[in-house]
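The values are calculated or read from the model by the stated rules, or taken from the named source; none is laboratory data. What you see is a predicted model, and the numbers here were worked out from it, not measured in a lab. Cβ: placed from backbone, ideal geometry, glycine included. Neighbour counts: every protein chain shown. Surface accessibility is based on the protein's heavy atoms, side chains included, excluding ligands, DNA and RNA. Shrake-Rupley method; radii C 1.70, N 1.55, O 1.52, S 1.80 Å.
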There are 2 protein chains.
Amino acid sequence: MAGRPRSFDRDEALAAAVEQFWRTGYDQTSIAMLTQAMGVTPPSLYAAFGDKDHLFDEASTRYFERTCEAVDAAAAQPTARAAIARMLDDTARAHTDTRTPLGCLMLTEPRLAPQREALRDRLARRIARGVAEGDLPSSVRPDELAAFLVAVMRGMSGCARDGGTTAEVLAIADTALAAVPRP
Amino acid sequence: MAGRPRSFDRDEALAAAVEQFWRTGYDQTSIAMLTQAMGVTPPSLYAAFGDKDHLFDEASTRYFERTCEAVDAAAAQPTARAAIARMLDDTARAHTDTRTPLGCLMLTEPRLAPQREALRDRLARRIARGVAEGDLPSSVRPDELAAFLVAVMRGMSGCARDGGTTAEVLAIADTALAAVPRP
DNA sequence: AGCATACCGTAGTGATCGCTATGGAATGTG
DNA sequence: CACATTCCATAGCGATCACTACGGTATGCT
């Protein structure tokens with residue numbers, strides 16, 4: 001009834017796929033690049049993950065979960081302003097970390113608009129809480145501020161892709177923080 | 001000595017190429033799409049523009065010139081702050097104009113990093129002038145503020161690509177303007 | 001008019017893409 | 001041990017890519 005078990009770790013292979021998609025994007029990542037990065041032959045890849053689209057979906061979902069964890073960690077800061085500052089700082093440092101690919105998969109990949117929207121909603125909720133608790137003035141429109149922050153993070157990601165240093169991207173984050181109103 | 005002249009207008013064909021690259025990006029734009037959009041057969045295209053890379057270089061150069069004109073027009077505003085406001089407003093409206101492709105070719109195309117840098121330098125010079133003239137506080141670092149603005153515009157472009165409305169993108173611009181210090 | 005030139009349209013080149021059919025090897029079960 | 005099942009490896013499928021070699025043909029110069 002049972003046959004030979006697969007000789008590679010599915011999670012490790014998926015992690016390698018995430019990194020490859022992250023590094024070169026969906027279009028520029030060929031199956032050959034994926035099989036080499038994952039240490040798996042094409043038939044094994046298709047048996048384990050379906051087609052390229054499905055593999056990307058699974059990879060981007062995993063990436064998105066990691067991103068959400070980071071956002072939630074930042075959101076745990078006592079004030080909304082501190083949460084935003086932490087998030088921008090994390091973004092700057094993570095996207096210029098030389099140990100990982102530059103930039104952000106989510107914010108540069110055209111097909112991940114729903115994830116960006118979900119991220120914006122999370123931000124908007126944290127900001128709304130900050131408004132309710134008096135961290136931010138009541139004139140703040142949570143969805144607008146969230147959209148601004150997503151735009152800034154996307155710009156930071158692009159700057160990192162273009163070779164911007166950690167200091168340069170951090171400066172963008174600092175400048176953006178000035179746009180967050182004080183109570 | 002002279003043979004048959006070409007039967008299409010080179011400038012019009014280049015304009016069509018600009019629009020096609022703008023709409024679908026470099027990678028996703030095939031020669032077949034270009035020939036159809038330009039109303040030109042492949043051999044004529046290669047005779048007139050060289051290969052695909054060279055055509056893209058020429059198209060992006062033309063696009064960049066238009067962008068520079070818009071930036072210079074905004075820079076003519078009396079104060080640096082007004083120039084920045086005008087530029088952000090232009091960006092929001094232009095990139096959500098339904099008569100043209102959504103988003104910005106320059107800010108979404110990976111290979112146009114030098115143009116982005118040139119744009120940032122132009123902005124930095126205008127900001128430096130504003131600092132010198134007292135429009136902005138002397139604490140402003142022109143290059144950092146310029147990098148921030150380029151990042152925001154890139155984020156606005158992406159938001160427009162994702163289907164963001166003019167109002168949404170304008171709201172991002174307004175929020176970003178709050179990050180520009182007052183004198 | 002007549003010639004030389006450079007156009008246009010078709011069709012096809014080699015390369016690469018995502019994806020899969022075919023075998024032989026390796027494992028778990030009876 | 002023998003069998004069933006699922007694995008891995010090679011090789012190749014059709015489709016599409018950027019790009020070009022051929023014809024016929026329309027133009028400008030003499």
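A few points about this structure:
- Verdict on B:ALA118 being open to solvent by 30 Å² or more (accessible area, probe 1.4 Å) and without any contact (Cβ under 8 Å) to a residue 12 or more places away in the chain: no
- So A:ASP89, is it under 26 Å from A:ALA37 (Cα atoms) and either surrounded by 18 or more Cβ atoms within 10 Å (Cβ to Cβ) or more than 11 Å from chain B (Cβ to nearest Cβ) (or both): no
Rundown of residues vs (1) over 18 Å from A:GLU69 (Cβ atoms); (2) more than 14 Å from chain B (Cβ to nearest Cβ); (3) at pLDDT 95 or above; (4) more than 12 Å from the chain's Cα centre (by Cα), yes/no style:
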position	(1), (2), (3), (4)
A:ASP97	no, yes, yes, yes
A:GLY103	yes, no, yes, no
A:LEU119	no, no, yes, no
A:ARG125	no, yes, yes, yes
A:ALA128	yes, yes, yes, yes
A:PRO137	yes, no, yes, yes
A:PRO142	yes, no, yes, yes
A:LEU145	yes, no, yes, yes
A:LEU149	no, no, yes, yes
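- Subset of the range A:161-173 (residues that are out of contact with any helix residue (DSSP H, G or I) (no Cβ under 7 Å at 6 or more places or on another chain) and more than 8 Å from chain B (Cβ to nearest Cβ)): A:THR165, A:ALA167
- Going through (1) open to solvent by 20 Å² or more (accessible area, probe 1.4 Å); (2) within 25 Å of A:ILE127 (Cβ to Cβ); (3) assigned to a helix (DSSP H, G or I) one by one, A:PRO78 falls short only on (3).
- Count - residues of the range B:28-40 that are outside any helix (DSSP H, G or I) and more than 6 Å from DNA strand D (Cβ to nearest atom): 3
- Where A:MET87 falls short, out of the listed (1) touching a residue at least 60 places away in the same chain (Cβ under 8 Å); (2) aliphatic (A, V, I, L, M); (3) touching a Phe, Trp or Tyr at 6+ places or on another chain (Cβ under 7 Å): (3)
- Pairs, first away from every other protein chain (no Cβ under 14 Å) and near DNA strand D (Cβ under 6 Å from one of its atoms) in the range A:41-53, second assigned to a helix (DSSP H, G or I) and at pLDDT 90 or above, C-beta under 7 Å, six or more apart: A:THR41/A:THR35; A:PRO42/A:ILE31; A:PRO42/A:THR35
- Number of positions in the range A:8-27 that are in a helix (DSSP H, G or I) and within 13 Å of DNA strand D (Cβ to nearest atom): 4
- So A:PRO5, is it in a helix (DSSP H, G or I), near DNA strand C (Cβ under 9 Å from one of its atoms) and open to solvent by 40 Å² or more (accessible area, probe 1.4 Å): no
- Among residues that are closer than 27 Å to B:ALA160 by Cα and open to solvent by 50 Å² or more (accessible area, probe 1.4 Å), A:PRO110 is included.
- Some residue of the range B:95-102 being within 15 Å of DNA strand D (Cβ to nearest atom) and free of Cβ contacts under 8 Å to residues at least 24 places away in the same chain: no
- Only one of A:ASP97, A:ASP57 that is within 16 Å of DNA strand C (Cβ to nearest atom) and of a type in the set (Asp, Glu): A:ASP57
- Residue check, A:ALA32 open to solvent by 40 Å² or more (accessible area, probe 1.4 Å), out of contact with any Pro (no Cβ under 7 Å at 6 or more places or on another chain) and farther than 27 Å from A:SER157 by Cα: no
- Residue within the range B:2-10 that is among the charged types (D, E, K, R), within 23 Å of the chain's Cα centre (by Cα) and closer than 24 Å to B:PRO114 by Cα present: no
One line per residue, one yes/no per condition, for (1) open to solvent by 60 Å² or more (accessible area, probe 1.4 Å); (2) within 24 Å of A:GLY163 (Cα to Cα); (3) in a helix (DSSP H, G or I):
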site: B:ILE84; (1), (2), (3): no, no, yes
site: B:ARG122; (1), (2), (3): yes, yes, yes
site: B:GLY130; (1), (2), (3): no, no, yes
site: B:LEU136; (1), (2), (3): no, no, no
site: B:ALA146; (1), (2), (3): no, yes, yes
site: B:CYS159; (1), (2), (3): no, yes, yes
site: B:GLY163; (1), (2), (3): no, no, no
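- Flag for B:ALA47 being open to solvent by less than 50 Å² (accessible area, probe 1.4 Å) and assigned to a helix (DSSP H, G or I): no
- Pairs where the first residue, in the range B:19-35, is more than 18 Å from A:GLN28 (Cα to Cα) and more than 14 Å from chain A (Cβ to nearest Cβ) and the second is near DNA strand D (Cβ under 8 Å from one of its atoms) and basic (Lys, Arg), C-beta under 8 Å, 6+ apart: B:LEU34/B:LYS52
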